[in-house]
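Chemist: I have a structure I would like to understand better, so I am pasting it below and will then ask my questions one at a time.
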Amino acid sequence: IRNWDVRIEKADAASTLVLEPITQKAVQHQNIFESRPIASLTKLMTALIVIEEMNLASEVVVSSSSVAAYGDQGGLISAETITVENLLYILLIESSNDAALALEEYYNAYRTEPDKTFVAAMNARAQELGLLDTFFVEPSGLNVNNRATAYDLARLADYVFQRPILRQIMSTRVIDVKSADGLINHHLSNSNTLLGALPGVLAGKTGYTEEAGESIVLFVKKNREIDDYLIYVVLGSPDRIKTARFLIDWVKRAYIWE
């Protein structure tokens, strides 16, 4: 029920969307069909391709070229052997570009269809899901030509969140994962700092590049009594956490859930 005593307020971001996935109702929206660079929100699709097309128990030897990627999140080491599943944790929890490239290299090296590269699989999946304003050129989000709209990202995020292992990973605040031989430990802290800090936040994924600005996708309970959640998308914000908190507070005041 909309409380019209609470006026509509503009959020400090290029695009924002609060979507009720069950009804597909936009509870809040701002420039939701504007195509924008999406930075590490790209990794939502990267993770989806991994669980749909790769064996999580497979062991990947991390290359020096992967480790040379911009950013050192996850602490991967050249020549380290690690499972696909643990790379998935590093990818989503610490938003590791190294992990994204290691997964892409492994997929491309062992693909059975010559023309079906990892990036081709990402774009094909986007089309299958009806994300017509979404396009990828690489799996980490560093490239400004990885683009989508807030509307497409909300729909992709909802699909990803239905996959139990991805929901589990994105809701993990802190965890240790190891290399295949158990000798290298990776202590991971979720880049989504609202997880565990703000009641009702179930999971999420962050993104940032200079061109894209700060971005975040969040899954947040409607209220304490209702298990249903809303999907929050913030793109191009100077402070994604501040903007997300603003939107969560506004929705709590503007709507009564029954």
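The values are calculated or read from the model by the stated rules, or taken from the named source; none is laboratory data. None of these values were measured; they are calculated from a predicted model. All Cβ positions, glycine included, derive from the backbone under ideal geometry; neighbour counts span all protein chains shown. Surface areas here come from the heavy atoms of the whole protein model, side chains and all, with no ligands, DNA or RNA. Shrake-Rupley method; radii C 1.70, N 1.55, O 1.52, S 1.80 Å.
Chemist: Counting only C-alpha contacts under 8 Å and six or more residues apart, can you give the relative contact order of the chain as a whole percent?
Modeler: Averaging sequence separation for qualifying contacts and normalising by length gives 27 percent for the chain.
Chemist: Additional query: With a sphere of radius 14 Å drawn around the Cβ of D181, what net charge do the other residues whose Cβ falls strictly inside it have (Lys, Arg +1; Asp, Glu -1)?
Modeler: Numbers: positive: K178; negative: E59, E80.
That works out to -1.
Chemist: Please name which of S40, A14, M54 has its Cα lying farthest along the dipole of the chain towards the positive end, using unit charges on Cβ (Lys, Arg +1; Asp, Glu -1) and the Cα centre as origin.
Modeler: My answer, from the dipole projection, is A14.
Chemist: On to the next question. With +1 on each Lys and Arg Cβ and -1 on each Asp and Glu Cβ, how big is the dipole of the stretch 1-137 about its Cα centre, in debye rounded to the nearest 20?
Modeler: In total the dipole reaches around 520 debye.
Chemist: Sticking with this one: What is the distance in Å between the Cα centres of the stretch 184-209 and the stretch 76-142?
Modeler: 20 Å
Chemist: To continue, here is another question. Pull out the extension gain between V174 and Q24, defined as 0.36 nm times the separation in residues minus the alpha carbon to alpha carbon distance; nm, one decimal.
Modeler: Extra length from V174 to Q24 when fully extended: 50.8 nm.
Chemist: Oh, and also: Share of the chain's accessible area from carbon and sulfur, percent, 1.4 Å?
Modeler: Summing carbon and sulfur atoms, their accessible area is 51 percent of the total for the chain.
Chemist: Roughly how tilted is helix 240-254, in degrees to the nearest 10 and between 0 and 90, from the longest Cα axis of the chain?
Modeler: Relative to the chain, helix 240-254 is tipped by roughly 40 degrees.
Chemist: What is the distance, in nm, between label points placed 7 Å from the Cα along the Cα-to-Cβ direction at A120 and at E9?
Modeler: 4.9 nm
Chemist: Net charge around S35, counting only other residues with Cβ within less than 15 Å of its Cβ (Lys, Arg = +1; Asp, Glu = -1)?
Modeler: Computed value for this residue: -1.
Chemist: Related question: With angles folded into 0 to 90 degrees, how steeply does helix 150-161 sit against the dominant principal axis of the chain? Use alpha carbons for both and round to 10.
Modeler: 60 degrees
Chemist: Taking a ≥ b ≥ c as the square roots of the eigenvalues of the Cα gyration tensor of the stretch 37-78, is the shape rounded (a/c under 1.5), prolate (a/b larger than b/c) or oblate?
Modeler: In terms of gyration-tensor shape, oblate.
Chemist: So which aspartates and glutamates can K205 reach, going by Cα to Cα under 16 Å and dropping same-chain residues fewer than 8 places off?
Modeler: Partners found: E94, D152, D158, E214, D239.
Chemist: Per residue, what accessible area does the stretch 90-238 have, given a 1.4 Å probe and all protein chains present, in Å²?
Modeler: On a per-residue basis, 42 Å².
Chemist: By the gyration tensor of its Cα atoms, with a ≥ b ≥ c the square roots of the eigenvalues, what is the shape of the stretch 117-250: rounded for a/c under 1.5, prolate for a/b over b/c, or oblate?
Modeler: rounded
Chemist: When only Cα pairs under 8 Å and 6 or more residues apart are kept, what is the percent relative contact order across the stretch 68-202? Numbers along the way, then the final one.
Modeler: Numbers: 153 pairs, mean separation 34.8, N = 135.
It rounds to 26 percent for the stretch 68-202.
Chemist: Can you tell me the FRET efficiency between I1 and N31 if r is taken as the Cβ-Cβ distance and R0 is 35 Å, rounded to the nearest 0.05?
Modeler: Given R0 = 35 Å and the Cβ-Cβ separation, E is 0.85.
Chemist: Rounding to the nearest 10 and keeping the result within 0 to 90°, find how far the Cα-based axis of helix 84-93 lies from the longest principal axis of the chain.
Modeler: The two axes meet at around 40 degrees.
Chemist: Could you work out [θ]222 nm for the chain from helices alone, using -39500 (n - 2.57) per DSSP H run of at least four and dividing by all its residues? Round to the nearest 500 deg cm²/dmol.
Modeler: -9500 deg cm²/dmol
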